[in-house]
Every structure is written in structure tokens, then in C-alpha cells.
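In what follows, a structure is listed as C-alpha cells, so that the remarks can point back to it.
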Amino acid sequence: MVRISGRAFEGLSAAVARRPPCDLYHSALEVVVPEGRHVIEVAPIPATGDDRGVVAEGAVGSRLLGRLRIFRYEVRCWPGGAIPDASAAVDSPVRVLDDLDAARRVLDLTREVPTAVWGRHELARGDMWNSNSVTSWLLTRAGVDIDAVHLPPGGRAPGWDAGVAVARGVSGAAPR
């Protein structure tokens, strides 16, 4: 279902922007420190109560709908976690840093990630908030040279610019 809705979204976005459709990328982070490996990702809240390292939750679509579990997402910083669709990843994993201090900053910052409404432009950054926003926010706030991180050719990561803008404080603080 995610693949179908993603293609529909990109088809519509491409038509509005009068450009050819691109592949869409959903980002997640795998952070390895001497204490262990952590997966940081944004995903729907599942029905089961397994420990997934949840550090924050937010609404999907609208704050009003976010009162229902089905319209909520969670930000995970999961020790020993797994990225379920990692086998379908394109051109990855991509190593973005080798600095242990920066890796630890990424882990520490997960509890501070803004939880804007997923899929909305509520932060007035010209881009919607989603998993890519969380990844780019974490990397930018941790001091990673975000301009050196590049997508594979032919693709785009909606939401990436929103995370960078919020992290840089371009237009005020993001709601929590």
C-alpha cells in the first residue's frame, strides 16, 4: 500500500510541478557506537506493544485525526533494531559520518526531534514533515555536513529540506 500511495503522490506532485516523476526515498538511520547499534526511524504505531525504542509520537494528516492510533507515527531510537524494508533500499546504506561524537549526538538528539504533523507543511518551510525531515533534522543538529549528503540519481526525498530548515532555525521553532 505504501508503494502504491507513494507512486500516486509522486505522480501528482510531478504533474503539478511539470516535471517527470522521480523515485521517492524514505530515510532511516543506523548508528553504531561502542555501546551497540541503534536504528532510528519513523513508522506507523503498530498494534502490538513490543519495545521498539519509541522516543516521540506525532499525528499523521491532522492533529485532530492524531487522537486515533491509526493516524499517529512514532520516532524510534531502537537499540539492536531493524529496518523492515532495508532489503528494498536503493544505493544504501550510505555512510554519512565516521565521527563517534557526532554519532552520539545523533542518538542524544532523538528525544528532541520535532513532532510536526506528518505529511503537512505546518512548519511553513515549503516542504512536508515526514521520516526524511526527522533524518535530516538529526544529522543537521548533530553537526553533519548535510550538503555533502546526496540522493541516488533520479530520486527525491520529500521532507528533507523541511528538516534541514527547522534544524537551522530558518523560521522559528517547530512545535512539539
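Starting at the first residue of the stretch 13-21, write each ³J(HN,Hα) from the Karplus equation 6.51 cos²θ - 1.76 cosθ + 1.60 with θ = phi - 60°, in whole Hz, x for Gly and Pro.
Along the stretch 13-21, the couplings run 4, 5, 5, 5, 7, 6, 9, x, x Hz.
When a footprinting reagent is the concern and you count Cβ atoms within 10 Å, what order do ASP147, ASP101 take, fewest first?
ASP147, ASP101
Would you mind telling me which residue in SER62, SER87, SER27 has the biggest mean-square fluctuation in a Gaussian network model of the chain, where springs connect alpha carbons within a distance under 10 angstrom?
Sorting by GNM fluctuation, first place goes to SER87.
Tell me the relative contact order for the chain as a rounded percent, counting alpha carbon contacts under 8 Å between residues six or more apart.
22
Is the chain best put as rounded, prolate or oblate by its Cα gyration tensor, with a ≥ b ≥ c the root eigenvalues, rounded for a/c under 1.5, and otherwise prolate when a/b is larger than b/c, oblate when not?
Verdict is rounded for the chain.
Taking only Cα atoms and a 10 Å spring cutoff, compute GNM fluctuations for the chain and point out the largest among ALA17, ALA89, ALA28.
Fluctuation is largest for ALA17.
What is the distance, in nm, between label points placed 7 Å from the Cα along the Cα-to-Cβ direction at ASP85 and at LEU68?
Calculated label separation equals 2.2 nm.
So what's the gap between the Cα centers of the stretch 143-170 and the stretch 72-104, to the nearest angstrom?
Going from one Cα centre to the other spans 15 Å.
Coordinate-derived values only; no laboratory data. Source: prediction; values computed, not measured. Counting neighbours? That spans all protein chains shown, and the Cβs are built from the backbone with ideal geometry, glycine included.
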